[in-house]
Amino acid sequence: MSPLNIDDLHRVFEKLDHNGDGFVSLEELKWFLDRIDIQTTGDELRAITGKSRLDLLDFLFFYDAVVKRNSGDGDEAGEEEEEDGGRGGGDLVVSDLAKAFKVYDLNGDGFISCEELQSVLQRLGMWEERAGRDCRSMISVYDTNSDGMLDFEEFKNMMLPVRC
């Protein structure tokens, strides 16, 4: 199971498809990755995807491959596990989540506020005024201590899939 469900991924795809042609070009994908501080080149993306543009299915496969790689299921996981002393792929996921958390924690106080969440979503072009009744409801779902903000543990619980 992926951290984002199919509906979420479809919405992301639609937002990335700036020109509305039903494809996400590598330029559009690179734009998004740059916004979340993942630096890559068009040539690297072309080598990874083997294509110059992705339809929705290709985009879902790309996302799934990235999630699997980051969760330790990919080919590179063994090498990275050895480098981290054999602690396993979970440490890699936590490290990636910590990086993602810092993207949202704009003031560096260790919490994601409603204002920070809205600011980042606007920067990514994923905030819709009419749908953005307010971020508080988005945060409240995972805000276990009811302080109106997400700390790292709450963020981690939000991002990781539930394992039974």
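Quick notes
- Flag if LEU29 is under 18 Å from ARG123 (Cβ atoms) and either open to solvent by less than 80 Å² (accessible area, probe 1.4 Å) or in a loop (DSSP other than H, G, I, E, B) (or both): yes
- A residue that is at pLDDT below 80 and at positive phi occurs somewhere in the range 108-128.
- Any hit, the range 49-62, residues being assigned to a helix (DSSP H, G or I), touching a strand residue (DSSP E or B) at 6+ places or on another chain (Cβ under 7 Å) and either modelled with pLDDT of 80 or more or not aliphatic (A, V, I, L, M) (or both): yes
- Which numbered condition GLY132 misses (of (1) modelled with pLDDT under 65; (2) among the small types (Gly, Ala, Ser); (3) open to solvent by 40 Å² or more (accessible area, probe 1.4 Å)): (3)
- Qualifying residue in the range 19-26 (condition: in a helix (DSSP H, G or I), at pLDDT 80 or above and either under 27 Å from ASP147 (Cα atoms) or of a type in the set (Ser, Thr, Tyr) (or both)): no
The values are calculated or read from the model by the stated rules, or taken from the named source; none is laboratory data. What you are looking at is a predicted structure, and each value in this text was computed from that prediction instead of being measured. All Cβ positions, even for glycine, are placed from backbone atoms using ideal geometry, and neighbour counts span all protein chains on display. Protein only, heavy atoms only, side chains kept; ligands, DNA and RNA dropped before computing areas. Shrake-Rupley method; radii C 1.70, N 1.55, O 1.52, S 1.80 Å.
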